[in-house]
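Participant: Dropping a structure here in structure tokens format, bear with me for questions.
The values are calculated or read from the model by the stated rules, or taken from the named source; none is laboratory data. This one's a predicted model, so the numbers in the text were calculated from it and none came from an experiment. In this analysis, Cβ positions are derived from the backbone assuming ideal geometry, glycine residues included, and neighbour counts consider all displayed protein chains.
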Amino acid sequence: MRNHVAGENAYLHDDTTAVVETLTAEIKVKQPRELADYAKAFVGLASMAVYGEPARALIQAAIDALE
């Protein structure tokens, strides 16, 4: 059995609002400094994203590790 760790999800709707979903609440962020933090985090995560064949290879490696 695997443990599940709940995380948060953040969505930048525009340059005035971010919505953060936690396990128990939805938080609307409107402070410019905090919006900048979420935008910076998004850029960092986007730079790590993989697509196409590299993504398929990563998923297959995860599947293989479970077998």
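Participant: Might you let me know whether the range 39-60 holds any residue that is surrounded by fewer than 11 Cβ atoms within 10 Å (Cβ to Cβ), part of a loop (DSSP other than H, G, I, E, B) and under 17 Å from the mean Cα position of the chain (by Cα)?
Facilitator: yes
Participant: Has the range 35-45 got at least one residue that is under 18 Å from residue 11 (Cβ atoms), touching a Ser or Thr at 6+ places or on another chain (Cβ under 9 Å) and free of Cβ contacts under 8 Å to residues at least 60 places away in the same chain? Step through it out loud before you land on a result.
Facilitator: Let us first name the residues in the range 35-45 that are under 18 Å from residue 11 (Cβ atoms), namely 35-45.
Now narrow it down to the ones that are touching a Ser or Thr at 6+ places or on another chain (Cβ under 9 Å): 35.
With the extra rule that they be free of Cβ contacts under 8 Å to residues at least 60 places away in the same chain, the set shrinks to 35.
Within the range 35-45, one or more residues are under 18 Å from residue 11 (Cβ atoms), touching a Ser or Thr at 6+ places or on another chain (Cβ under 9 Å) and free of Cβ contacts under 8 Å to residues at least 60 places away in the same chain.
Participant: In the range 1-17, is there at least one residue being surrounded by 11 or more Cβ atoms within 10 Å (Cβ to Cβ), modelled with pLDDT of 95 or more and touching a helix residue (DSSP H, G or I) at 6+ places or on another chain (Cβ under 6 Å)?
Facilitator: No.
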